Amino acid sequence: MPEFTDLLFYAFAGLTLLCGFLCVANPLSRNPVTSAMFLVLTIVSMAGLFVLLHAFFLAAVQVLVYAGAVMVLFLFVIMLLDLKEEERRKLRKVTVGLGTVAVAAIAGILAKAVSGAVPFGGDKLVEGGTKPLGRILFTQYLLPFEVLSILLLVAMVGVILLSKKDLK
């Protein structure tokens with residue numbers, strides 16, 4: 001018989017995957033605000049996973065920073081662009097090809113990183129401690145942290161470029 005925490009883990013993990021898929025695929029609506037709301041649900045369910053790991057600080061930061069501040073920024077960008085469905089640009093074969101190459105490269109890097117990872121390796125964090133987390137994040141994992149920030153910046157610029165209207 002699974003424990004209650006196991007059931008919560010499966011529920012939060014399932015919600016994270018489902019809402020993440022609905023954020024990207026969005027079969028319910030073509031409105032980008034709907035995708036942003038599914039992203040908020042994904043972030044909140046990930047915070048639930050952090051709570052199950054007893055990482056309460058990370059869960060609070062996840063909700064406050066990402067579901068709060070970053071999503072407000074995304075919603076402002078989406079609403080200021082004021083996209084209409086019929087005014088969207090058509091995808092060109094070159095951009096689809098380059099996007100496929102970029103996704104394949106990122107998938108290759110991820111596969112290489114996962115295959116070379118040691119389970120439960122590295123320093124053990126003190127439960128709920130912010131000093132050890134900050135020390136490890138900005139010393140041992142500084143490069144992945146900076147790469148992630150650049151990736152988020154590129155994603156935001158990509159969203160803006162993809163949603164711009166054709167100037168004719």
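The values are calculated or read from the model by the stated rules, or taken from the named source; none is laboratory data. In this text, all values refer to a predicted model and were calculated from it rather than measured experimentally. Virtual Cβ from ideal backbone geometry, glycine too; neighbours counted across all protein chains shown. When the accessible area is computed, the model is the full protein with side chains, heavy atoms only, and any ligands, DNA or RNA have been set aside. Shrake-Rupley method; radii C 1.70, N 1.55, O 1.52, S 1.80 Å.
The criterion of being assigned to a helix (DSSP H, G or I) and modelled with pLDDT of 85 or more does not hold for Gly158.
Among the residues making up region 12-35, those that are open to solvent by 50 Å² or more (accessible area, probe 1.4 Å) and either in contact (Cβ under 8 Å) with a residue 24 or more places away in the chain or under 18 Å from Leu53 (Cβ atoms) (or both) are Phe12, Leu15, Leu17, Arg30. For Met37, the criteria (1) outside any helix (DSSP H, G or I); (2) under 22 Å from Leu81 (Cβ atoms) hold in every case but one, which is (1). Within region 51-64, the set of residues being in a helix (DSSP H, G or I), without any contact (Cβ under 8 Å) to a residue 24 or more places away in the chain and surrounded by fewer than 19 Cβ atoms within 10 Å (Cβ to Cβ) comprises Val51, Ala60, Val61, Val63, Leu64. Taken together, Leu151, Leu142, Leu110, Leu133 contain a single residue that is under 20 Å from Met71 (Cα atoms) and at pLDDT 75 or above, which is Leu151.
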